[in-house]
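Structure first, commentary second.
The values are calculated or read from the model by the stated rules, or taken from the named source; none is laboratory data. Nothing here was measured: the structure is a model prediction, and the numbers come from that model. Methodologically, a virtual Cβ is constructed for each residue, glycine included, from the backbone with ideal geometry; neighbour enumeration extends over all protein chains shown.
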Amino acid sequence: MKPESVALYADQDFIPVLVVDDEADIRDGCERILIRMGCKVFKADQGEAALSLLARERVAIALLDLKMPGMDGMDVLREIQAVDKEILTIVITGYATVETAIEAMKQGAYDFIPKPFEPDQLRIVVQRAQEKLRLRWDARKLEEERKKTLADLDMEKSRIRTIIEALPNGVVVTNVQGHVVFMNPAFLWHMGLDPSQMPGQHVGSYVADEGFCNLVTEISQGKRTSPEDMPAYEMALPNEKFILVRGRAVLGEDNECLGAVLIVVDITTMKVLERLKSEFVAKVSHELRSPLSTIHEQLALVLRDMGKDESNREQHVLIRAKEKTQGLISLIGDLLDLSRIEAGAICSEPRRVQVAALLKNIIDFLSARASARRQLLSLHITQDCNPYVNADPLALESIFGNLIANAINYTQDGGEIKIIVGLAGNMVRVDVQDNGFGMEERHLPKIFDKFYRVKDEKTRYITGTGLGLPIVKGLVEVLGGSISVQSTYGKGSTFTVLLPQEKTPDLGSTPPETRHIPRS
Ligand code: ADP
């Protein structure tokens with residue numbers, strides 16, 4: 001059967017060659033040489049026979065004698081070209097017919113070989129044709145691969161687009177100026193926009209929320225390019241819908257910022273569950289608090305009536321029971337505090353508070369605990385400042401009381417705890433620094449999570465709820481501040497709180513004296 005294209009021979013190890021000559025010796029001689037060159041040979045003794053063979057077989061090279069009885073050589077050449085213009089025809093000419101050879105080349109012949117020729121001459125001219133065929137096949141293969149790659153890319157692009165369009169999460173992409181270049185249907189839906197809205201405008205034209213626009217601008221302008229940095233922003237939309245937006249910079253080849261890509265997730269269900277959980281915990285805690293307090297007080301009463309008797313086993317059991325109820329009462333207190341913070345029902349009575357004076361009171365209150373453990377607890381005021389904050393004093397007491405109590409708890413006997421007050425730009429900075437047990441780096445990101453406690457051989461026997469730091473963090477954030485921690489295992493920890501400074505001058509007050517608690 002006739003193959004469809006010459007290119008089909010490209011991967012085969014033989015090239016089909018047709019020899020057309022009226023002299024049998026030449027045909028047979030050529031055949032011997034060509035077979036040794038790895039060709040498959042077809043033979044014809046004149047033009048008509050050659051053309052009828054070409055109707056059945058496809059050949060890549062034709063060796064054509066122009067001077068043959070019957071059909072004119074030049075006509076045969078033209079017919080061969082008409083059958084398959086890809087065939088490389090090498091015309092065989094006598095010495096006296098160079099002009100004919102030139103004419104044949106003009107008609108589309110690929111090369112010529114004068115008659116009589118040596119085997120080497122034939123080899124050279126056929127090799128040249130083979131080389132040409134190979135180059136042609138290679139070029140065609142490359143072209144086909146290029147077309148296939150382009151088609152693949154095109155398909156990949158449309159596949160990715162379909163996936164993004166079908167995502168349940170909203171996706172919006174902006175350029176450096178903060179103009180929207182792409183948004184998927186889920187984004188329009190989450191944001192309550194008209195489904196026919198087109199990209200092109202500044203992001204503020206689609207979403208009026210200031211926090212959202214600031215986040216987009218910050219990322220688009222290349223201020224958050226670190227790969228680990230994926231800033232998040234929570235948004236409350238009308239009809240009690242909550243949205244979480246996370247964004248990342250789109251970087252070019254030279255790490256330059258090209259814009260931002262933001263993912264919008266509906267977290268309403270999560271928020272509702274969180275609220276229900278909080279309400280449940282608050283309710284249960286509230287119900288448990290009174291009976292537990294009663295049990296605790298009654299245990300204390302019984303113990304007091306028993307007097308102190310080291311050998312009394314029952315007394316030991318009651319003391320343990322009283323300690324346990326005390327632990328439960330603390331846990332309930334912490335849980336109630338946390339649910340109040342989460343419900344936003346705290347810090348409701350802000351006042352102008354002098355930070356150093358407040359800290360001095362807390363230190364006075366806790367100094368007995370520190371002295372009992374021969375710890376040095378001191379207050380330092382840097383930069384000769386006397387900063388104020390505008391906050392609920394109860395919230396501030398809870399923040400610093402928790403941090404200082406932790407510093408006392410997680411520092412060895414005879415250790416040192418410094419409370420340092422200063423300024424950091426517009427913020428009041430308070431460092432609670434100890435040279436106690438410290439923590440391994442791996443714990444630091446988790447210690448503000450609820451119920452997280454570091455358990456090693458030094459801290460194992462220290463009782464606690466694991467709710468102190470979450471309460472501190474919650475309160476600091478409600479007050480518009482932040483908290484961070486630095487710690488080295490075996491060397492100590494520093495908790496740093498930043499709170500917005502209240503700048504209105506207060507003429508009547510002076511900073512409190514710095515106080516050192518002596519080792520006892
Ligand atoms: P609690 O003290 O009730 O366990 P917190 O939430 O206050 O809970 O603290 C969580 C954990 O962080 C503690 O269990 C402790 O391991 C660690 N931690 C807190 N403060 C310090 C500190 N100053 N030094 C070392 N570890 C600390």
Note to self: Can you tell me which condition LYS491 does not meet? The list is (1) within 9 Å of the ligand (Cβ to nearest atom); (2) at pLDDT 95 or above; (3) more than 34 Å from the chain's Cα centre (by Cα), and all the others hold.
What the structure shows: (1)
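Considering only residues that are in contact (Cβ under 8 Å) with a residue 60 or more places away in the chain and surrounded by fewer than 18 Cβ atoms within 10 Å (Cβ to Cβ), which ones fall in the stretch 331-345? Steps first, answer last, please.
Let us first name the residues in the stretch 331-345 that are in contact (Cβ under 8 Å) with a residue 60 or more places away in the chain, namely 331, 334-335, 337-339, 341-344.
The answer is ALA343, GLY344.
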Next item on the list: Look at PRO350 and say whether it is over 26 Å from ILE462 (Cα atoms) and surrounded by fewer than 17 Cβ atoms within 10 Å (Cβ to Cβ).
Entry: yes
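Kindly evaluate LEU34 against the criterion of being surrounded by 15 or more Cβ atoms within 10 Å (Cβ to Cβ), more than 60 Å from the chain's Cα centre (by Cα), modelled with pLDDT of 85 or more and under 22 Å from GLU131 (Cβ atoms). Before the answer, list the steps.
Values: surrounded by 15 or more Cβ atoms within 10 Å (Cβ to Cβ): yes; more than 60 Å from the chain's Cα centre (by Cα): yes; modelled with pLDDT of 85 or more: yes; under 22 Å from GLU131 (Cβ atoms): yes.
When the stated conditions are applied, LEU34 passes them.
Restricting the search to the stretch 424-437, which residues are under 24 Å from ILE363 (Cβ atoms) and more than 6 Å from the ligand (Cβ to nearest atom)? Full working, then the answer.
Within the stretch 424-437, the first condition is being under 24 Å from ILE363 (Cβ atoms), and the residues that meet it are 424, 427-437.
Selection gives ALA424, MET427, VAL428, ARG429, VAL430, ASP431, VAL432, GLN433, ASN435.
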Margin query: Yes or no: the stretch 108-119 includes at least one residue that is surrounded by fewer than 14 Cβ atoms within 10 Å (Cβ to Cβ) and part of a helix (DSSP H, G or I).
Written below: yes
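For the stretch 458-465, check the following and say yes or no: at least one residue is in the same structural domain as GLN412 (by TED's automatic domain parsing), small (Gly, Ala, Ser) and at pLDDT 90 or above.
Here is the first cut: in the stretch 458-465, the ones in the same structural domain as GLN412 (by TED's automatic domain parsing) are 458-465.
Retained after the next criterion (residues that are small (Gly, Ala, Ser)): 464.
Applying the additional criterion that residues be at pLDDT 90 or above yields none.
No, there is no match, as no residue in the stretch 458-465 is in the same structural domain as GLN412 (by TED's automatic domain parsing), small (Gly, Ala, Ser) and at pLDDT 90 or above.
Please indicate, with yes or no, whether at least one residue in the stretch 378-389 is among the hydroxyl-bearing types (Ser, Thr, Tyr), modelled with pLDDT of 95 or more, farther than 16 Å from GLN501 by Cβ and in a helix (DSSP H, G or I).
Among the residues of the stretch 378-389, not one is among the hydroxyl-bearing types (Ser, Thr, Tyr), modelled with pLDDT of 95 or more, farther than 16 Å from GLN501 by Cβ and in a helix (DSSP H, G or I), which makes the answer no.
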Item checked: Residue list for the stretch 38-70, filter: within 23 Å of LEU133 (Cα to Cα) and of a type in the set (Asp, Glu) -> GLU57, ASP65
Item checked: Enumeration of residues in the stretch 455-473 that are closer than 19 Å to GLU323 by Cα, more than 7 Å from the ligand (Cβ to nearest atom) and free of Cβ contacts under 8 Å to residues at least 40 places away in the same chain -> ARG460, TYR461
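Check whether at least one residue in the stretch 403-423 is within 13 Å of VAL497 (Cα to Cα), surrounded by 20 or more Cβ atoms within 10 Å (Cβ to Cβ) and more than 16 Å from the ligand (Cβ to nearest atom), and report yes or no. Outline the logic, then answer.
Narrowing the stretch 403-423 to residues within 13 Å of VAL497 (Cα to Cα): 403-404, 419-423.
Remaining after also requiring surrounded by 20 or more Cβ atoms within 10 Å (Cβ to Cβ): 403-404, 419, 421.
Those left that are additionally more than 16 Å from the ligand (Cβ to nearest atom): 421.
The answer is yes; a qualifying residue exists.
In this structure, is PHE448 closer than 24 Å to LEU331 by Cα and either within 7 Å of the ligand (Cβ to nearest atom) or hydroxyl-bearing (Ser, Thr, Tyr) (or both)?
Working: closer than 24 Å to LEU331 by Cα: yes; either within 7 Å of the ligand (Cβ to nearest atom) or hydroxyl-bearing (Ser, Thr, Tyr) (or both): no.
No.
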Next item on the list: Tell me, yes or no, whether the stretch 391-401 has at least one residue that is surrounded by fewer than 22 Cβ atoms within 10 Å (Cβ to Cβ), within 12 Å of the ligand (Cβ to nearest atom), at negative phi and assigned to a loop (DSSP other than H, G, I, E, B).
Entry: no
Notebook entry, point to check: If we only count strands (runs of 3 or more DSSP E) wholly inside the stretch 138-253, which ones have 3 or more residues that are without any contact (Cβ under 8 Å) to a residue 40 or more places away in the chain and of a type in the set (Phe, Trp, Tyr)?
Noted result: none
Next item on the list: Would you mention how many residues in the stretch 271-286 are farther than 16 Å from GLY344 by Cα and touching a residue at least 24 places away in the same chain (Cβ under 8 Å)?
Entry: 2
Checklist line | LEU262 being over 22 Å from PRO185 (Cα atoms), at pLDDT 90 or above and either exposed (fewer than 12 other Cβ atoms within 10 Å of the Cβ) or touching a strand residue (DSSP E or B) at 6+ places or on another chain (Cβ under 6 Å) (or both) | finding: no
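Anything in the stretch 216-242 that is β-branched (Val, Ile, Thr) and out of contact with any Gly (no Cβ under 8 Å at 6 or more places or on another chain)? List them, or say none.
To start, the set of residues in the stretch 216-242 that are β-branched (Val, Ile, Thr) comprises 216-217, 219, 225.
Correct list: THR225 only.
Just for the stretch 99-135: of the residues that are charged (D, E, K, R) and in contact (Cβ under 8 Å) with a residue 24 or more places away in the chain, which one is farthest from MET74 (Cα to Cα)? Give the steps one after another, and end with the answer.
To start, the set of residues in the stretch 99-135 that are charged (D, E, K, R) comprises 99, 103, 106, 111, 115, 118, 120, 123, 128, 131-132, 134.
Applying the additional criterion that residues be in contact (Cβ under 8 Å) with a residue 24 or more places away in the chain yields 103, 115, 123, 132, 134.
Details: GLU103: 9, LYS115: 17, ARG123: 24, LYS132: 23, ARG134: 27 Å.
Out of the qualifying residues, it is ARG134.
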Notebook entry, point to check: Among the residues of the stretch 327-355 satisfying the criterion of being more than 16 Å from the ligand (Cβ to nearest atom) and charged (D, E, K, R), which is modelled with the lowest pLDDT?
Noted result: GLU349
